[in-house]
Amino acid sequence: MIEISYKNSDTLSIKNADKKEIFFNVSEKTVHMEDYNVTHPGEYEKSGNLLEVKQYTDLLFYKFLIDGKHMCIVTSDSFDLKEEIVTFFWDVDILIIIGSKDAVKIFENIEAKLVIPYGEGKDLFLHTLGQHTEAVKSTKIWADLDGDRTEFVNLES
């Protein structure tokens, strides 16, 4: 089981089945795996969580393998969708994406099963896609996600 919620108004908490946490600071666009601040591209492993960080046009993108699910964090909506970065987003179960109208085109190029927008524009992102989901304090991902449709989660920050 993966649980995703806001630790505070600026930090997303992602817990795996063993209750090991990963933190994503939405304003700084940084990831912390327990006590380790991930600031460079590369591959990392901490407490059973695998992380690949890719730098593309001075931006960092994060792709995790947590409890058998691929999760990707998109930190910007202002980059060109070229093959080099689109292939990095391949096979995404959970997509955490900056919420904006421009991020919709990025989302449309990533086949994610569950999408969680963040930031001030998350409501605009959801409304642009015709999603009017109620805000929830946390979401728990228990089993396999349905590949036939995309689910959207609106987390309270």
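When LEU81, LEU65, LEU60 are checked against the criterion of being closer than 24 Å to SER9 by Cβ and either out of contact with any strand residue (DSSP E or B) (no Cβ under 9 Å at 6 or more places or on another chain) or surrounded by 12 or more Cβ atoms within 10 Å (Cβ to Cβ) (or both), LEU60 stands alone in meeting it.
Being touching a residue at least 40 places away in the same chain (Cβ under 8 Å), of a type outside the set (Lys, Arg) and either over 24 Å from ASN37 (Cα atoms) or touching an Asp or Glu at 6+ places or on another chain (Cβ under 7 Å) (or both) is a property that ALA112 has.
So that you can scan it fast, the table gives a plain yes or no per residue for (1) touching a strand residue (DSSP E or B) at 6+ places or on another chain (Cβ under 9 Å); (2) of a type in the set (A, V, I, L, M, F, W, C); (3) within 18 Å of TRP90 (Cβ to Cβ):
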| site | (1), (2), (3) |
| --- | --- |
| SER100 | yes, no, no |
| LEU114 | yes, yes, yes |
| ASP123 | yes, no, no |
| LEU129 | yes, yes, no |
| TRP142 | yes, yes, no |
| THR150 | yes, no, yes |
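On the basis of being without any contact (Cβ under 8 Å) to a residue 40 or more places away in the chain, more than 26 Å from MET33 (Cβ to Cβ) and assigned to a loop (DSSP other than H, G, I, E, B), does LEU81 make the cut?
Yes, satisfied.
Restricting the search to region 130-157, which residues are modelled with pLDDT of 95 or more, hydrophobic (A, V, I, L, M, F, W, C) and part of a loop (DSSP other than H, G, I, E, B)? Result: VAL153, single match.
The values are calculated or read from the model by the stated rules, or taken from the named source; none is laboratory data. All values reported here derive from a predicted model rather than from experimental measurement. Backbone-built Cβ (ideal geometry, glycine too); neighbour counts: all protein chains shown.
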